[in-house]
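To start, the structure itself, in structure tokens.
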Amino acid sequence: MYDVIVVGSGFSAIAVTCNLIEQLPASAKIAVIGDDPGFGRGTAYRTELYLHRLNVPAGRMSLLPHHPDDFVDWLKSRGRRLQAGDFASRSDYGLYVRDTLARLLRKRDGRCRVDLIKAKAAGCVDRYSSTLAFHLGNGDEITGKNVVLCLGVGNATLPVDLEGVPASARSRIIENPWRLSWLRRVAPSDAVCILGSGLTMIDQVLALRAHGHSGRIDVLSRRGLAPLGHASKPQVPLPIDVQMLPDTISGILKILRAKSRAAADWRGVMDGLRPATQALWQRLSSEERARFLRHALPWWNIHRHRVAPDVFDRFEKLVTEGTVRFHAGFLKSLGAEEGRLAASYRVRATRTIAEISADWLVNCTGMERAGISHSPLLKEMSRFHLIAPDPLGLGIEVNAASEVIAPSRISPARLFAVGALTAGQFWEITAVPDIRVQAKAVVEEIAANG
Ligand SMILES: Cc1cc2nc3c(=O)[nH]c(=O)nc-3n(C[C@H](O)[C@H](O)[C@H](O)COP(=O)(O)OP(=O)(O)OC[C@H]3O[C@@H](n4cnc5c(N)ncnc54)[C@H](O)[C@@H]3O)c2cc1C
């Protein structure tokens, strides 16, 4: 019987675990269940490529919000010549996350017990009406009084079926680009078609070029918008009073546009909004939230989730040279012609059907938007009414303390969620600066109630 079971092994799980170690008494028992081979790195920080950089400056990436310089100090201790405003590599960040946990685990005196269990949590049930029990992929079962779900989000599936693609060509459709081994199979002159134009696309383009690829890259997305870059010099955030903003998305955007036009750099407006975003989201009605997702999401993403300035410059150069080309449209079907893959799409705002022919097709449509369909565990928990999906498909329903709301659950065991699964309540809860605050608050809640 564990006092706390943490499910997951990415950043969120490790942030929760580190806070638990700091806050729970020596008598407490914690289990962390994760199926990630690189415990603590998750999808984001598993990459080994130096050019895969953080998109948040190092000074805002400490795992522990109460030690804001922790990551910058760690970089210095490793001899990295980076300052708080610089963008470190994601592989370094993965090492830092694992080092931070290891550092806390090394302290034996007065520390609670932590069992790191490498397994998949396959199912969950109410046990004896008082605890939650997880069935693990290795056949074990463990029970706990408090549970924190830190499952992240799965990869988005391809938006069309592959019936028209002969089996021989399917191995050149890369459904999960995070398994970077596919890059070794690409010849320098191969043509590559990338679906999706977000941060994952930029990562993959730069990784291709780093592997010696020099061929054409066609990028297809609904609007053909790519992420923008951070300013080369840090901007002073322009504070925004959320109470003064209207309650409609159109009204809010009007004010933000006006402020951006008046500002020396629009990034100052976005950065000023950052600390107020969750409060603003919580004020919106569900109709306005749905409207935001329908109309404003692509623009929000490119302005809010920006890339390091030199990464942006490197990418822009490829676009200017014409070796990376953008297409705005809706993918209709995938097929194969004369040994090549053919992506057929409707050109945005027209009825014209166009085609991209390529040797490789890479799914960079991003992460699943925190639904529950990617996770057999979440689907089963929903079937047993242990969790309820968010009405807009943004993860699961939680309250403002990140505790899962599931009206028909009988067990008094407390169930929390941390990270993107809670996007319905908080919206911006996918990046470290937000997750670390949430992880600490959840642990404080658990510690206060024993
Ligand atoms: C490519 C990329 C770059 C990013 N860059 C940045 C950045 O620079 N700065 C920033 O702040 N944020 C960045 N992010 C956002 C990033 O999502 C968060 O920083 C953070 O890594 C999220 O961690 P997580 O633990 O919530 O999710 P994940 O990292 O997805 O981890 C979830 C973990 O749960 C495990 N799991 C899932 N289901 C089960 C199960 N049933 N049983 C056991 N284990 C399970 C998975 O294997 C996985 O290890 C980036 C994201 C990506 C994808």
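I need to check one value: relative contact order of the range 242-304, counting alpha carbon pairs closer than 8 Å and at least 6 residues apart, in percent.
Numbers: 29 pairs, mean separation 24.1, N = 63.
Relative contact order of the range 242-304: 38 percent.
Can you give the helix-only mean residue ellipticity at 222 nm for the chain, where every DSSP H stretch with n ≥ 4 adds -39500 (n - 2.57) and the sum goes over all residues, rounded to the nearest 500 deg cm²/dmol? If you can, show how the numbers build up before the last one.
Values: 14 runs with 140 residues, N = 450.
Rounded to the nearest 500, it is -9000 deg cm²/dmol.
Expressed as an acute angle from 0 to 90° and rounded to the nearest 10, what is the orientation of the C-alpha long axis of helix 309-321 relative to the principal long axis of the chain?
The angle comes out near 20 degrees.
I need 157, 277 ordered by Cβ neighbour count within 10 Å, fewest first.
Ordered by Cβ neighbours within 10 Å, fewest first: 157, 277.
Run the Debye formula on the Cα coordinates of the chain, all scatterers equal and no solvent, and tell me log10 I(q)/I(0) at q = 0.07, 0.08, 0.12 1/Å.
-0.37, -0.49, -1.14
At a 10 Å Cβ-Cβ cut-off, how would you order 216, 53, 261, fewest neighbours first? Mind dumping the intermediate values first?
Numbers: 216 17, 53 22, 261 9.
Ranking 216, 53, 261 by Cβ neighbours within 10 Å, fewest first, gives 261, 216, 53.
Residues with amide H under 5 Å of residue 398's amide H, sequence separation 5 or more or different chain, H placed in the peptide plane at 1.01 Å from N; which?
The list, which skips near neighbours in sequence, is 405, 425.
Would you mind telling me the antiparallel percentage of the DSSP bridges in the chain, rounded to 5?
Working: 29 of 64 bridges.
Antiparallel bridges make up about 45 percent of those DSSP assigns within the chain.
Using Cβ counts within 10 Å as a stand-in for footprinting exposure, how do 91, 12, 250 rank, fewest first?
Numbers: 91 17, 12 30, 250 12.
Starting with the residue having the fewest Cβ neighbours, the order is 250, 91, 12.
Mind checking which of 264, 413, 276 has the largest fluctuation in a GNM of the chain, springs on alpha carbons under 10 Å?
In this elastic network of the chain, the residue with the biggest mean-square fluctuation among 264, 413, 276 is 264.
Note the angle between two axes, namely the Cα long axis of helix 432-449 and the longest principal axis of the Cα atoms of the chain, as a number of degrees from 0 to 90, rounded to the nearest 10.
With both axes taken from Cα atoms, the answer is about 20 degrees.
List the relative contact order of the range 52-128 as a percent without decimals, with contacts defined as Cα pairs under 8 Å and 6+ residues apart. Display every interim value, and only then the final one.
Numbers: 57 pairs, mean separation 21.0, N = 77.
Reported relative contact order: 27 percent.
Taking 0.36 nm per residue of sequence separation and subtracting the Cα-Cα distance, how much length would be gained by fully extending the chain between residue 354 and residue 211, in nm to one decimal? Before the final figure, lay out each step's value.
Details: separation 143, 0.36 × 143 = 51.48 nm, distance 2.95 nm.
In short, 48.5 nm is gained.
Separation of the range 200-276 and the range 17-40 by C-alpha centroid, Å?
Using only Cα atoms, the two centres lie 35 Å from each other.
If I stretch the segment between residue 291 and residue 69 completely, what's the gain in nm (0.36 nm per residue apart, minus their alpha carbon distance), one decimal? Provide the component values of the computation, followed by the final result.
Values: separation 222, 0.36 × 222 = 79.92 nm, distance 3.84 nm.
In short, 76.1 nm is gained.
Against the longest alpha carbon principal axis of the chain, how many degrees, from 0 to 90 and to the nearest 10, is the axis of helix 11-23 turned?
The angle comes out at about 20 degrees.
Please list, by residue number, every one of the GluC sites (Glu not before Pro) in the range 333-404 that is coil in DSSP and has at most 13 other beta-carbon atoms within 10 Å. Numbers along the way, then the final one.
On the way: sites: 337, 338, 355, 368, 380, 397, 403; in loops: 338, 368, 397.
For GluC sites (Glu not before Pro) across the range 333-404 that sit outside H, G, I, E and B with at most 13 neighbouring Cβ atoms in 10 Å, the list reads 338.
For the chain, what's the relative contact order in percent, using C-alpha pairs closer than 8 Å and at least 6 residues apart? If you can, show how the numbers build up before the last one.
Details: 883 pairs, mean separation 95.0, N = 450.
Taking the mean separation of contacting Cα pairs over the length of the chain, I get 21 percent.
Show me the trypsin sites (Lys or Arg not before Pro) within the range 336-414 that DSSP assigns to loop and that have at most 14 other Cβ atoms within 10 Å of their Cβ.
Details: sites: 340, 346, 348, 351, 369, 379, 383, 409, 414; in loops: 348, 351, 369, 409.
Answer by residue number: 348, 351.
Return the whole-Å distance between the Cα centroid of the range 277-338 and the Cα centroid of the range 109-127.
37 Å
Could you check which residue among 228, 245, 199 shows the biggest mean-square fluctuation in a GNM of the chain with a 10 Å Cα cutoff?
Checking each option, the largest mean-square fluctuation is seen for 245.
Tell me the label-point distance for the pair residue 263, residue 129, using the 7 Å Cα-to-Cβ offset, in nm and rounded to one decimal.
Each label point is offset 7 Å from its Cα along the Cβ direction, giving 5.5 nm.
How many lysine pairs does the chain hold where the Cα atoms are under 26 Å apart and the two sit 8 or more places apart or on different chains?
21
Nearest 20 debye, what's the magnitude of the dipole of the chain about its Cα centre given +1 on Lys and Arg Cβ and -1 on Asp and Glu Cβ?
Numbers: 58 positive and 45 negative charges, 137 e Å.
Using Cβ point charges on Lys, Arg, Asp and Glu, the chain gives about 660 debye.
Is the range 242-304 best put as rounded, prolate or oblate by its Cα gyration tensor, with a ≥ b ≥ c the root eigenvalues, rounded for a/c under 1.5, and otherwise prolate when a/b is larger than b/c, oblate when not?
Numbers: a/c = 1.70, a/b = 1.45, b/c = 1.17.
Cα axes put the range 242-304 in the prolate bin.
Looking only at the range 406-437, which residues have a backbone nitrogen under 18 Å from a spot 7 Å from the Cα of residue 283 in the C-beta direction?
Under 18 Å, as judged by backbone N against the label point of residue 283, lie 425-428 of the range 406-437.
Picking from 195, 51, 262, whose Cα lies most toward the positive end of the charge dipole for the chain (charges on Cβ: Lys, Arg +1; Asp, Glu -1)?
Towards the positive end, the residue furthest out is 262.
In nm, to one decimal, how far is the residue 175 label point from the residue 241 one, both placed 7 Å along Cα→Cβ?
Here the answer is 5.3 nm between the modelled labels.
Quick note: the coordinates plus some simple rules give every number you see, no bench work behind them. What you see is a predicted model; the values in this text were computed from it and never measured. FYI the Cβ positions are ideal-geometry reconstructions off the backbone, even for glycines, and counts take in every protein chain you see.
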